[in-house]
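See below for the structure under consideration.
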Amino acid sequence: MEYNEEELLAKANKPQEIASQLHSYYKGKIAVTPKCRVKDLRDFDVWYSPGVASPCMDIVKNPEKVYELTCKWNTVAVISDGTRVLGLGDIGPHAALPVMEGKALIYKYLGGVDAFPICLDTKDPDKFIETVLLLHPSFGGINLEDIAQPKCFDILDRLRKESPIPVWHDDQQGTATVTLAGLVNALKVVDKKIEDVKIVFMGAGASNIRISDIIFRAGADAKKCIMYDSKGPLHKNRTDINDNPSLKEKSNICRISNEMCFDGPIDEALRGADVLIALSKPGPDSVKSQWISKMAKDSIVFVCANPVPEIWPWEAKKAGARIVATGRSDFPNQVNNSLGFPGIFRGVLDVRAKTITDEMCIAAAMELAKTAEDKGLSEDYIIPAMDEWEVFPREAAAVGTKAIEQGIAEKILTWEELYKTAESIISKARQETKMLTEEGFIGKNSC
């Protein structure tokens, strides 16, 4: 594939150039609109007082009826403290709000899920957890977003144990799910088995740590794999990590990976490696061409830093990589969280799952991979694009089915019933947006 760097850079910069103007024009991206019939003000006798007392008392008698009589069944809170927003860092809760709104928009359009952004004005993990637990009666699920490590690990672990509704951290579980899907198909294209490959992980943040965990659970041999942080490779002799109780996730990687305690530079670790998964510093020169040239034949390179990958795809290809994936939509093989969370939460909500397990994430990844495989895999097509909307009901059905198998679902449905339910809800959400736009209720801007 031919690439024109100037055109690609101009295209990549365009969204940022017009974003503030469009956000100002629309005054935000989501709104609350009624879904019940209102012929005249007499209807409020039913929807509010005195009629509303009836569903209230129904819920008092049977608390589970809250899922039948309110919006809880389909509502997710997107919650952040603004301490690690995109590649912008700790920009605070106010500045994080546009990102959380965007996430809510994607939830609705791709998953038919009503999501609401909530940014908390605290950096204290205990206060954060307490607040989320206090909010749970209003929501069917919680999406944690853009929280700095290492506290993001503890927040997720504690909330998964303590919350009566499912809690998910998209920067960890979502990134891991979509990356696994891409890797599964990339390995099919190059005819290699996951248990045989050597993987080098560049970057030891929340995303890559969870990616490695899911990939190991899916069959990769951790002993053959090496992860790098800013100080070098992780291994069992890294006392700066192992002696620090707050770095238990990193310490676990030290314990299970890099069996030979390799302590050299990353270019030497990549010698003969089959896969590079980089979620590190934006490039385009964070990964060197000469590093990739040392990798094994038919190497696979995931360079997913945003907004610029650690190396341009064409440079990685010139250096010998057979398959290259990035986080950008203007290159083939975009690894994008938006392929995961809308469909996953659709399935979670439709079976009223109590939590979101790693097995459910792997089930979603395998269905995502199979969706692409059904269309025909190639070096430039290892994962579906976001506009292939059939991905989302398929993911929902796979996730719901796995939750039922694991005994953590309140509603029991067949795969076909789950698929049809998800397809109907998602289709309606997309049609509503189209209708509101065509009828002029969503205004048009000149950008």
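Residue 192 satisfies every condition listed in (1) within 17 Å of the chain's Cα centre (by Cα); (2) surrounded by fewer than 22 Cβ atoms within 10 Å (Cβ to Cβ); (3) in the same structural domain as residue 410 (by TED's automatic domain parsing); (4) not polar (S, T, N, Q) except (1).
Mind checking which pairs have a first residue in region 177-189 that is under 16 Å from residue 212 (Cβ atoms) and a second that is among the charged types (D, E, K, R) and surrounded by fewer than 24 Cβ atoms within 10 Å (Cβ to Cβ), Cβ under 8 Å, 6 or more apart or different chains? Hits for this filter: 187/193. Counting only helices (runs of 4 or more DSSP H) that sit completely within region 344-447, those holding 2 or more residues that are β-branched (Val, Ile, Thr) and at pLDDT below 95 correspond to 415-438. Close contacts from region 292-303, counting a first residue that is among the hydroxyl-bearing types (Ser, Thr, Tyr) and a second that is part of a loop (DSSP other than H, G, I, E, B), with Cβ to Cβ under 6 Å and a gap of 6+ residues or different chains, come to 293/319; 293/320. Of the numbered criteria (1) closer than 18 Å to residue 153 by Cα; (2) surrounded by 15 or more Cβ atoms within 10 Å (Cβ to Cβ); (3) over 23 Å from the mean Cα position of the chain (by Cα), the one residue 245 fails is (2). Candidates are the residues of region 156-183 that are crowded, with 22+ Cβ neighbours inside 10 Å and more than 17 Å from the chain's Cα centre (by Cα); the one that is nearest to residue 349 (Cα to Cα) is 165.
Within region 58-77, the residues that satisfy the criterion of being part of a helix (DSSP H, G or I) and hydrophobic (A, V, I, L, M, F, W, C) are 59, 60, 66, 69, 71, 73. Restricting attention to region 253-278, the residues that are closer than 15 Å to residue 204 by Cβ, assigned to a loop (DSSP other than H, G, I, E, B) and under 25 Å from the mean Cα position of the chain (by Cα) total 1. Scanning region 225-237 for residues being surrounded by fewer than 18 Cβ atoms within 10 Å (Cβ to Cβ) and either part of a strand (DSSP E or B) or among the basic types (Lys, Arg) (or both) gives a total of 3. Look at region 14-28: where a residue is farther than 23 Å from residue 308 by Cα and a partner is loosely packed, with under 13 Cβ neighbours inside 10 Å and modelled with pLDDT of 80 or more, sitting 6+ places away or on another chain with Cβ atoms under 8 Å, you get 25/443; 26/443.
From the list 250, 297, 317, 281, the lone residue that is part of a helix (DSSP H, G or I), surrounded by fewer than 21 Cβ atoms within 10 Å (Cβ to Cβ) and of a type in the set (Lys, Arg) is 317.
Okay, residues lined up against (1) farther than 28 Å from residue 159 by Cα; (2) touching a Cys at 6+ places or on another chain (Cβ under 9 Å); (3) of a type outside the set (A, V, I, L, M):
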site	(1), (2), (3)
349	no, no, no
370	yes, no, yes
381	yes, no, yes
385	yes, no, no
391	yes, no, no
398	no, no, no
412	no, no, no
416	yes, no, yes
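Residue-level check: of (1) in contact with a Ser or Thr (Cβ under 7 Å, 6 or more places away or on another chain); (2) surrounded by 24 or more Cβ atoms within 10 Å (Cβ to Cβ); (3) in a loop (DSSP other than H, G, I, E, B); (4) not charged (D, E, K, R), residue 302 misses just (3).
The values are calculated or read from the model by the stated rules, or taken from the named source; none is laboratory data. Values in this document were obtained by computation on a predicted structure and should not be read as measured data. Virtual Cβ from ideal backbone geometry, glycine too; neighbours counted across all protein chains shown.
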